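A quick write-up on the structure given underneath.
The values are calculated or read from the model by the stated rules, or taken from the named source; none is laboratory data. Worth saying up front: this structure is predicted, and the values here are computed from it rather than measured. Quick reminder, even Gly has a Cβ in these numbers, built from the backbone with ideal geometry, and neighbours come from all protein chains shown.
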Amino acid sequence: MNTTSATSILVVENIYKTYGKTEILKGVSFTVNKGETKVIIGPSGAGKSTLLKCINQLIIPDRGRIFLNGEEVLHSHSHINRFRQKIGMVFQNFYLFDHITALENVEIALLKVKKMKRPEAREKALKELARVGMKDKAHLYPAELSGGQAQRVSIARALAMDPEVMLFDEPTSALDPELTGEVLEVMRNLAQGGVTMVVVTHEMGFASSVADEVMFMEEGKILESGPPSQIFFHPQEERTKKFLSRISELYGELNRNG
Amino acid sequence: MEGLSAVLESLPYIISGIPVTLGLVALSLLVGFALGVPMGVAMVYGNRVVIKIIQVFVFVLRGLPNLVLLFLFYFGIFPLLGWNLSPFTIGAITLGLRSAAYQTEIFRGAILSLGEGQMLAALSVGMSKNQAIWNIILPQALRLALPGWSNEYPILLTDSSVTYAIGVAEILTRGGQMVTRTYQPMPIYLTCALMFIFLNWGGMQIIQWGEKKAYIPGLGRKRETQ
């Protein structure tokens with residue numbers, strides 16, 4: 001693996017994580033280059049969410065190394081806090097800060113972490129809210145937003161920190177079906193705009209049309225990876241085929257246009 | 001009519017106990033809050049040793065009757081330490097420490113009710129744990145704690161009368177003194193009772209006003225639909 005390559009932003013090297021006696025991650029490695037979108041698919045319990053949380057150290061892996069822009073993540077608190085600023089995270093259940101408005105949600109880390117002046121932070125927050133189409137709802141509290149709107153605000157909150165990589169942990173899984181479209185569209189625009197992203201999702205349409213690479217994960221390992229055309233239409237592994245046929249039963253057949 | 005004249009005679013003296021009673025309540029609420037918030041936070045985010053120490057504190061303070069605690073401090077602990085504190089101060093400290101034990105549990109429960117997502121999200125944007133507690137967890141937990149916390153006012157208000165036993169000149173102490181002078185227990189204790197009721201009502205108005213002030217749409221309500 002070429003960790004010094006000028007274009008590789010995120011390098012994940014041999015990550016292991018065990019809870020009690022259950023080994024969740026069994027040596028996961030991959031590299032994300034600047035501007036790439038990587039999609040991780042796989043059955044529930046495969047360790048996809050744990051892997052994302054290990055990348056930004058919300059869960060500390062037992063073994064393995066993470067490099068961001070060639071710099072290794074060390075396990076001291078101050079280092080981890082600085083490192084997390086450079087990685088945006090979008091959660092399945094949004095986790096917007098419930099006591100402040102959409103605008104303040106986007107603003108707060110700019111003020112408290114980046115120590116920006118208030119007018120500057122406000123301008124930046126409004127810009128990010130506009131980017132996800134939520135500027136006109138900036139004054140609303142999280143409980144006053146629909147799920148799709150809340151998720152878009154949480155994307156803006158992560159983007160506001162100008163992260164090197166964005167991690168999405170099943171961003172549409174908690175949404176009513178008719179609300180997933182608006183979130184996927186925002187993500188599609190980000191990918192096309194050159195944002196580097198790692199996305200865990202069951203949205204195969206999104207994966208096939210946006211991903212540069214799809215990784216199929218099962219039982220704590222990446223079993224197979226490749227361009228979407230290969231993974232979706234010519235999977236090598238029997239278990240990938242099985243998973244895809246089960247998913248298409250649930251979500252409908254995939255067409256090549258996504 | 002003897003009763004009425006006894007009440008009228010006693011009234012100014014008993015009323016001047018109101019500031020003493022309210023002082024006890026205010027100070028013990030404050031002590032309880034100042035200790036209860038950090039202890040509640042530490043119960044959720046602290047290390048095992050700290051949690052154990054707080055658990056013991058809460059267990060002991062909640063497990064002893066007010067009067068026992070008061071006597072221990074008044075006749076035992078403070079004299080042994082050689083601190084010459086007034087009965088009022090000792091009363092406020094005793095009630096305050098006991099309230100701290102209850103308030104610790106109130107704030108711990110409120111923090112737990114937030115779920116882990118708020119902390120995860122705060123960490124994910126680069127906040128330190130302390131920044132997350134200060135900017136994200138506490139502003140929500142304190143609001144959610146308000147309904148349970150508002151119980152502390154009537155509890156401390158009524159409990160403050162145990163300081164009678166160490167001679168703090170609060171409402172009940174003064175009422176008792178006037179009873180021995182006038183031999184009219186019923187009218188005078190009724191007067192005391194009315195004062196407690198009135199103070200309780202007044203305090204509740206303030207707390208309800210505070211709850212309205214702190215209101216945020218939907219905070220603490222689980223989403224029914226996404």
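Taking segment A:81-123, which residues are among the basic types (Lys, Arg) and crowded, with 17+ Cβ neighbours inside 10 Å?
The answer is A:ARG84, A:LYS86, A:LYS112, A:ARG122.
Can you report the number of residues in segment A:41-89 which are hydroxyl-bearing (Ser, Thr, Tyr), in a helix (DSSP H, G or I) and over 29 Å from A:GLU237 (Cα atoms)?
1
Within 17 Å of the chain's Cα centre (by Cα) and either charged (D, E, K, R) or buried (at least 22 other Cβ atoms within 10 Å of the Cβ) (or both), is that true of A:VAL195? Write out each step before concluding.
Details: within 17 Å of the chain's Cα centre (by Cα): yes; either charged (D, E, K, R) or buried (at least 22 other Cβ atoms within 10 Å of the Cβ) (or both): no.
Answer is no for this residue.
When segment A:107-121 is examined, which residues are found to be acidic (Asp, Glu) and either modelled with pLDDT under 95 or over 24 Å from the mean Cα position of the chain (by Cα) (or both)?
A:GLU120
Just to verify a result, which residue in segment A:102-132, among those that are at the interface with chain B (Cβ under 7 Å from one of its Cβ atoms) and among the β-branched types (Val, Ile, Thr), is farthest from A:LEU51 (Cα to Cα)?
Initial filter on segment A:102-132 (at the interface with chain B (Cβ under 7 Å from one of its Cβ atoms)): A:108-109, A:112-113.
Applying the additional criterion that residues be among the β-branched types (Val, Ile, Thr) yields A:108, A:113.
On the way: A:ILE108: 27, A:VAL113: 25 Å.
Selected residue: A:ILE108.
State whether one or more residues within segment A:90-101 are within 13 Å of chain B (Cβ to nearest Cβ), under 17 Å from B:ASN135 (Cβ atoms) and part of a helix (DSSP H, G or I).
no
Say we look at segment A:199-212 and pick out the residues that are in contact with a Gly (Cβ under 7 Å, 6 or more places away or on another chain) and surrounded by fewer than 20 Cβ atoms within 10 Å (Cβ to Cβ); which of these is farthest from A:PRO43 (Cα to Cα)?
So the residue we want is A:SER209.
Which one of these does A:GLY64 not meet: (1) within 9 Å of chain B (Cβ to nearest Cβ); (2) farther than 18 Å from A:LEU167 by Cα?
Tallying (1) within 9 Å of chain B (Cβ to nearest Cβ); (2) farther than 18 Å from A:LEU167 by Cα, A:GLY64 fails exactly one: (1).
Counting only residues that are surrounded by fewer than 18 Cβ atoms within 10 Å (Cβ to Cβ) and either within 10 Å of another protein chain (Cβ to nearest Cβ) or modelled with pLDDT of 95 or more (or both), which one in segment A:69-80 is farthest from A:ARG122 (Cα to Cα)?
Among residues in segment A:69-80 that are surrounded by fewer than 18 Cβ atoms within 10 Å (Cβ to Cβ) and either within 10 Å of another protein chain (Cβ to nearest Cβ) or modelled with pLDDT of 95 or more (or both), the one farthest from A:ARG122 (Cα to Cα) is A:HIS77.
Table: residues versus (1) over 15 Å from A:PHE83 (Cβ atoms); (2) modelled with pLDDT under 95; (3) surrounded by 21 or more Cβ atoms within 10 Å (Cβ to Cβ); (4) not small (Gly, Ala, Ser).
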| residue | (1), (2), (3), (4) |
| --- | --- |
| A:LEU25 | yes, no, yes, yes |
| A:VAL28 | yes, no, yes, yes |
| A:THR31 | yes, no, no, yes |
| A:ILE40 | yes, no, yes, yes |
| A:GLY45 | yes, yes, no, no |
| A:LEU52 | no, no, yes, yes |
| A:ASN56 | no, yes, yes, yes |
| A:ILE60 | no, yes, no, yes |
| A:ARG63 | yes, yes, no, yes |
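A quick yes/no check of all residues on (1) more than 25 Å from B:ALA101 (Cα to Cα); (2) within 14 Å of chain A (Cβ to nearest Cβ); (3) assigned to a helix (DSSP H, G or I):
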{"position": "B:THR158", "(1), (2), (3)": "no, no, yes"}
{"position": "B:THR163", "(1), (2), (3)": "no, no, yes"}
{"position": "B:ALA169", "(1), (2), (3)": "yes, no, no"}
{"position": "B:THR173", "(1), (2), (3)": "yes, no, yes"}
{"position": "B:THR180", "(1), (2), (3)": "yes, no, yes"}
{"position": "B:ALA193", "(1), (2), (3)": "yes, no, yes"}
{"position": "B:LEU199", "(1), (2), (3)": "no, no, yes"}
{"position": "B:LYS212", "(1), (2), (3)": "yes, no, yes"}
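Quick one: would you say B:ILE54 is without any contact (Cβ under 8 Å) to a residue 60 or more places away in the chain and in contact with a Gly (Cβ under 8 Å, 6 or more places away or on another chain)?
Values: without any contact (Cβ under 8 Å) to a residue 60 or more places away in the chain: yes; in contact with a Gly (Cβ under 8 Å, 6 or more places away or on another chain): yes.
Yes, satisfied.
Got a number for residues in segment A:42-85 being of a type in the set (Ser, Thr, Tyr) and under 29 Å from A:MET204 (Cα atoms)?
3
Yes or no, residue by residue, for (1) within 20 Å of A:ALA125 (Cα to Cα); (2) outside any helix (DSSP H, G or I):
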| residue | (1), (2) |
| --- | --- |
| A:LEU190 | yes, no |
| A:VAL195 | yes, yes |
| A:ILE222 | no, yes |
| A:SER225 | no, yes |
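Within segment A:131-147, restricting attention to residues that are within 20 Å of the chain's Cα centre (by Cα) and not in a loop (DSSP other than H, G, I, E, B), which residue is nearest to B:ILE136 (Cα to Cα)?
Selected residue: A:GLY147.
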